[in-house]
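Have a look at the structure below before the remarks.
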Amino acid sequence: MATAFKNKITPNLATSPTEIIAMSSTSRATVIGMSLANKTADPVTVSITITDNLGTPVMGYYMKDIIIPANQTLRAVNGGERLLVAPLNVVHVTTNVADAVDSIVSYVEIT
């Protein structure tokens, strides 16, 4: 199995779910850091979901309607916490204000 350390930068998140990480049927990932930065002078809310597409798709919230104050950053995954992304799983982020939030995710992909 090969492992690779990666960063995924997704600027200007949308009010509809924006794909942050998607795993194929032969790969999985361990998220070791996820930051969501509010670039505006007003508070925004964000939600993070994971969809398991193995068989019948199932979606669940990792975080729902979390408020990020003006010009601040939410560390959604930090410290010793880890988020496992299994094969055929997809991580999405949604915000209530278009183009207000940037996402940076650090993860280890195993193929």
Pick the calculated Kirkwood radius over Cα pairs in Å for this structure from (i) 17.7; (ii) 14.1; (iii) 13.8?
(ii)
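Quick one: which of 26-37, 70-81 comes out on top by average Cβ neighbours within 10 Å, and what's the full order, highest first? Provide the component values of the computation, followed by the final result.
Numbers: 26-37: 18.6, 70-81: 13.2.
In descending order of packing, they fall as 26-37, 70-81.
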Residue by residue through segment 39-50, what is 3J(HN,Hα) from phi via Karplus (6.51 cos²θ - 1.76 cosθ + 1.60, θ = phi - 60°)? Round to whole Hz and write x for glycine and proline.
8, 9, 8, 10, x, 10, 10, 10, 10, 10, 10, 10
Orientation-averaged projected area, Cα convex hull of segment 1-57 (nm²)
5.4
Lysines with Cα under 19 Å of residue 39, excluding same-chain neighbours fewer than 8 positions away
8
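Laboratory data are not the source of any read-out in this text; all were calculated from the coordinates shown. Just so it is clear, the structure is predicted and the values come from calculations on it, not from any experiment. Counting neighbours? That spans all protein chains shown, and the Cβs are built from the backbone with ideal geometry, glycine included.
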